[in-house]
Amino acid sequence: RTEVMNKGIQSISSQISSLSQMSNGIKSMFEQVSQSAVGTASSTKKISNRLFGNLAKIDHIIFINGLYDYINGRAGCYSPVDHHNCRLGKWYDTGVGRQEYSTMPSFNKLEKPHQTVHSCAADLAELQLEGEMDEETLQKVKSKLENVHDASDTICKDLDALIKEKDNEIERYYQPAH
């Protein structure tokens with residue numbers, strides 16, 4: 001009878017050991033799946049973030065190209081708007097930009113160069129509408145174009161910095177807890 005009980009205990013012990021190993025294997029698989037899901041979520045957020053940055057730059061370049069076409073007498077898609085009513089301005093003032101990016105250090109840096117681009121663009125449009133340009137007007141146009149160019153460069157750099165800051169925030173958010 002003792003021998004039968006010992007064999008039963010050994011069998012139960014062996015089954016418990018087997019179940020424990022299977023449980024550890026399942027736990028390991030769940031951890032791998034969880035890590036993979038977190039990595040996918042992080043990557044997806046970063047891709048979305050970078051797409052935003054590139055689209056904002058493209059919108060800005062389209063606006064600037066439209067301005068250049070207008071100045072050169074070519075009909076284009078330039079329409080004078082202030083820095084609150086273009087797509088970037090709306091994004092910045094009340095849109096997803098304010099909701100998702102306003103805590104980033106570079107966010108507030110965008111407003112001043114963005115305002116400069118639009119005010120210089122409006123000035124350029126007015127100068128162009130005056131018709132034939134004398135030397136003084138040409139100098140004003142040149143100066144305003146330089147301001148637009150410098151402010152545009154700053155906007156692109158600030159957008160790049162904003163994207164990098166947001167990527168870093170995404171990485172911190174999705175880091176595994178230790």
Which angle between 0 and 90 degrees, to the nearest 10, do you get for helix 135-174 versus the longest principal axis of the chain when only C-alpha atoms count? 10 degrees
Could you list the residues of the stretch 148-178 with an amide nitrogen less than 16 Å from a label point located 7 Å from the Cα of Ala37 in the Cα-to-C-beta direction? 174-177
Please work out, to two decimal places, the log10 of the ratio I(q)/I(0) at q = 0.12, 0.13, 0.15 Å⁻¹ from a Debye calculation in which every Cα of the stretch 33-178 carries one identical scatterer. -0.57, -0.64, -0.78
Compute the distance from the alpha-carbon center of the stretch 134-149 to that of the stretch 30-83, in whole Å. 29 Å
What per residue convex hull volume, in Å³, do the alpha-carbon atoms of the stretch 1-63 yield? 30 Å³
For the stretch 43-92, alpha-carbon Rg over 2.2 N^0.38 Å: 1.38
Rounded to the nearest 10 Å², the 1.4 Å probe accessible area of Lys144 is 60 Å²
Please identify every one of the GluC sites (Glu not before Pro) in the stretch 82-178 that sits in a loop by DSSP and has no more than 12 other beta carbons within 10 Å of its own beta carbon. Glu130, Glu132
On average, how much area does the Cα convex hull of the stretch 67-141 cover when viewed from any direction, in nm²? 5.6 nm²
Rounded to the nearest 10 Å², what accessible area does Leu19 have for a 1.4 Å probe in the complete protein model? 110 Å²
Pairing the Cα long axis of helix 2-71 with the longest principal axis of the chain, what angle in degrees results, from 0 to 90 and rounded to the nearest 10? 0 degrees
Which of Ile9, Ser79, Leu19 sits closest to the plus end of the dipole of the chain, meaning its Cα is farthest towards the positive end, when Lys and Arg get +1 and Asp and Glu get -1 on the C-beta? Ile9
In vacuum, with every alpha carbon of the stretch 1-114 counted as one equal point scatterer, what does the Debye formula give for log10 I(q)/I(0) at q = 0.13 Å⁻¹? Two decimals, please. -0.73
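The values are calculated or read from the model by the stated rules, or taken from the named source; none is laboratory data. Everything numeric in this text was worked out from a predicted model, so none of it was measured. When we count neighbours, we look across all protein chains shown, and the Cβ atoms used for this are built from the backbone with ideal geometry, even at glycine. Surface areas here come from the heavy atoms of the whole protein model, side chains and all, with no ligands, DNA or RNA. Shrake-Rupley method; radii C 1.70, N 1.55, O 1.52, S 1.80 Å.
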